[in-house]
Amino acid sequence: MIKKLIIISTITLLSACGASTPPPYQKDKSPEYRTDYNGAEGLLQQQKDQSYLMNKELTEKCDDAKINLAIAEKNKDNKETKNHQSLVNDYCI
């Protein structure tokens, strides 16, 4: 009787632990809004999200630098053109 009670208690405890495991990451949110990462799969997704966000930021900076360069060239401002050309060279790969 005691063995059966121990086995049933153990099975119930193990199934309860498995039920309370949080998801590895927030799949319903975009990378910009994810805040919770759990376990190995969550850490892998966090690295992917960080890479995506860094590339996105770099692309935005590159686009801004190109636009500012075009404006400086249109205004024939040599000093600003050199500054923005330097930024384009830094941000655009």
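For Cα pairs less than 8 Å apart in space and 6+ apart in sequence, what is the mean separation divided by the residue count of the chain, i.e. the relative contact order in percent?
19
Against the longest alpha carbon principal axis of the chain, how many degrees, from 0 to 90 and to the nearest 10, is the axis of helix 78-91 turned?
Tilt of helix 78-91: around 30 degrees.
Output ³J(HN,Hα) for the range 44-53: one whole-Hz value per residue in order, computed from phi by the Karplus curve 6.51 cos²θ - 1.76 cosθ + 1.60 with θ = phi - 60°, and x for Gly and Pro.
Result, rounded to whole Hz: 4, 5, 4, 5, 5, 5, 5, 5, 4, 5.
Give me, ordered by chain and number, the residues 5 or more places off Y25 or on other chains with an amide H under 5 Å from its own placed amide H.
So Y25 has HN proximity to N38.
Using just the helices of the chain, give the 222 nm mean residue ellipticity in deg cm²/dmol: DSSP H runs with n ≥ 4 each add -39,500 (n - 2.57), and the total is spread over all residues, rounded to 500. Before the final figure, lay out the partial values.
On the way: 3 runs with 68 residues, N = 93.
One gets -25500 deg cm²/dmol as the mean residue ellipticity at 222 nm.
P(r) tail for the range 22-91, what percent of Cα pairs lie past 19 Å?
51
State the number of lysine pairs found in the chain whose Cα atoms come within less than 18 Å, restricting to pairs 8 or more positions apart or on distinct chains.
Counting lysine pairs in the chain gives 11.
Got a sec? How would K76, K56 order by Cβ neighbour count within 10 Å, fewest to most?
Result, fewest neighbours first: K76, K56.
Throughout, read-outs are computed from the coordinates displayed, never taken from laboratory work. Bear in mind that the values here come from a model prediction, so they are computed numbers and not experimental data. All Cβ positions, glycine included, derive from the backbone under ideal geometry; neighbour counts span all protein chains shown.
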